[in-house]
Amino acid sequence: MMLNNIVLKTLRDKRRAMIGWLLVMTGMSLIYALYWPYIRDNAFMGQMMISYLQSFPAGLIEAFMGSNLTQFTTHAESFLDSELFFIFVPLAFILFTASFGSDVIAGEEDRGTLDLLLSNPISRSRILLEKFAALTSYTVLLGALLEIELVVASVATNTNINFIHLTDITLSVILLGLVFGSMALALGCIGLGPSTSTGVAASLGVASYFINALATTFKDLQPYRKYSPFFYYIQADPLINGLNTGDATFLLALTIVALLVALFAFQRRDISV
Amino acid sequence: MVDNIIIAEGLTKFYGKSRGVVDLDIEVERGEVFGYLGPNGAGKTTTIRLLLDFIRPTRGQAKIFGNDVNQNSLDIRRHVGYVPGELAMYENMTGKDFLTYFAHLRNGVDWDYVNRLTERLDCSLSQAIKSLSHGNKQKIALIQAFMNKPDLLILDEPTTGLDPLMQREFYRMIEEVKAEGRTVFLSSHVIPEVERICDRVGILREGKLVAVEGVRDLKSRSLKHLEIHFAESVPKEAFVGVSGVRDVMIENGIMHCTVVGSLDAVVKAASAFPVENIITHEPTLEEIFMSFYGQGDKA
């Protein structure tokens, strides 16, 4: 069953990586989801946390936790936004998708198995699209399981979270992940090795985060913020305000552009031995 | 129906400034076993990868079944079985899983036939590929190439790692393919192998096809190093001038010489003396080229 086509074979190959990232993400998220009720129910503790955070320069806090600190101890969405969705979850998604995206073509080429695969009556574009479908499937599954976990945790701890907005931020982080996953895929298709493709895509992801996060403090960065995919992921605060369709469409468009570049490059170049 | 299964015209590949292959003109006929002979680095694998559209030519073109290898690659690959020279497989799969996956990618195969191939090659499919020896991996690669009974087999050094018993079985499989009117394009640097199973041989050197010979012609022109142990000392003059014999050297009753073509004359000359042993050594490819093209002509 898992060997019926390239999508299923790729899912089979990547299941261990998927489980690993799932454990990291859900484990970390569960800690914060269960920690939130203590802050909510303990005003002293909440105040202490706010005071502690305020002891740091405001720019530093904004760079790593966003600007939702005012409601940090009173609204679960603000808490999860700052602690999970501002930096940890998106960067984890980017690392997962970048390593996945670079491995499916560049990795297979590097291991030398791409020759045998290409000797079958399957076009290069179909191979690429099936592998991208596998990447998308696991990224969506990762997001869905993360959301289910947060929903269950919030019900169990009697935490009031807007589940629709939770879906919005999940969708947004999936789209952000796919941007860098398809970018890594495209870099691999252009001819970069798997490590380089992962490194370049992940580094661009981190750079994109910093450009967006530091732009609120360093005004010189403001003009560049609109070039950062992170900006379109978080600027509308989907967990608090809901999904901004324009931002989501932009992230989707970036993914499609990267995928088209991958298709164009893979179709035309020599496969290395 | 196309009679020339493979046609290459001026097929050339450069990797930047490095030479791959230059101006190849090849024709392989239906039902033929065509050997592609050349030392490592001559361009055998480059040619095969051009034919399978893994790499694109710098100039020139190639056709398989009358279709351009780039424009109609998908149609071509439906009817081609391939074994790569640098064998790399999905190491975490078992042989069975590997064949199952490839069978799906080819829209199914006759599993009875696959099982027969597996038995003939004495191959274990239940173990993870990473735990197999190179020879056993090669057997699985051969099964995947043969399993959908392709009209054309493109095999890059297919007997690498096979023990002599399995090599013989492989030769029988090639003979069966030929008997069914299917075509084989096989690269090798092992002359006896090519002599045994091929109808014609293309000789590749430094990226250029220097000759296409019938195997019979190749045999008649190929050379062997001969070592004859005599029970007594023998005069060198008895062998100098014998047809096809050159480089005669005699020491302590052992004669060393090089023979081009048939051994008949030298064996008859030796029979005048008490012979204890005859040993032949296969020449290197470089020596074959020298015998074909002379010391000064490398192209």
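Read-outs: derived from the displayed coordinates by stated rules, not from any lab. These figures come from a predicted structure and were not determined experimentally. Cβ coordinates were reconstructed from backbone atoms using ideal geometry, including for glycine residues, and neighbour counts include every protein chain displayed.
Tabulated data for the structure shown
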quantity: Two-site FRET efficiency, B:V190 against B:S126, from Cβ-Cβ distance with R₀ of 30 Å, rounded to 0.05; calculated: 0.45
quantity: Under 15 Å from the Cα of B:K236 - aspartates and glutamates, other chains or at least 8 residues apart; calculated: B:E227, B:D247, B:E251
quantity: For the stretch A:121-273: rounded, prolate or oblate by the Cα gyration tensor [a/c cutoff 1.5]; calculated: oblate
quantity: In Hz, Karplus ³J(HN,Hα) per residue of the stretch B:119-132 (6.51, -1.76, 1.60; θ = phi - 60°; x = Gly, Pro); calculated: 5, 4, 8, 6, 10, 9, 9, 8, 8, 5, 4, 5, 8, 8
quantity: Long pairs among B:K137/B:K208; B:K17/B:K44; A:K131/B:K96; B:K44/B:K149, criterion Cα-Cα beyond 29 Å; calculated: B:K137/B:K208
quantity: HN-Hα J in Hz across the stretch A:135-148 - Karplus 6.51, -1.76, 1.60, θ = phi - 60°, x for Gly and Pro; calculated: 4, 5, 4, 5, 5, 5, 4, 4, x, 5, 5, 5, 5, 4
quantity: Chain A, relative contact order in percent, only Cα pairs under 8 angstrom and at least six apart counted; calculated: 25 percent
quantity: Choice from B:S188, B:S126, B:S222 showing the highest fluctuation, given a GNM over chain B with Cα pairs closer than 10 Å; calculated: B:S126
quantity: Nitroxide proxy distance, nm - points 7 Å out along Cα→Cβ at A:A58 and B:T58; calculated: 6.4 nm
quantity: Amide H contacts under 5 Å for B:R205, placed H, 5+ residues apart; calculated: B:V210
quantity: More than 48 angstrom apart: percent of Cα pairs within the protein assembly as shown; calculated: 34 percent
quantity: Point-to-point label distance, A:N162-B:R172, nm (Cα→Cβ direction, 7 Å offset); calculated: 7.5 nm
quantity: Prolate/oblate/rounded label for chain A (Cα gyration tensor, a/c 1.5); calculated: prolate
quantity: Calculated FRET value between B:S220 and A:Q267, using beta carbons and R₀ = 51 Å, to 0.05; calculated: 0.60
quantity: In order through the stretch B:244-254: 3J(HN,Hα) via Karplus (6.51 cos²θ - 1.76 cosθ + 1.60), integer Hz, x for Gly, Pro; calculated: x, 9, 8, 6, 6, 9, 10, 8, 6, x, 10
quantity: Net charge, A:G191 excluded, C-beta distance under 14 Å - Lys, Arg +1, Asp, Glu -1; calculated: 0
quantity: Inter-label distance, nm, simple model (7 Å from Cα along the C-beta direction), B:E276/A:Q222; calculated: 10.0 nm
quantity: Helix-only CD estimate at 222 nm, as mean residue ellipticity for chain A, using -39500 (n - 2.57) per DSSP H run (n ≥ 4); calculated: -23500 deg cm²/dmol
quantity: FRET efficiency, 1/(1 + (r/R0)^6) with R0 56 Å, evaluated for A:T245 and B:S133 via beta carbons; calculated: 0.45
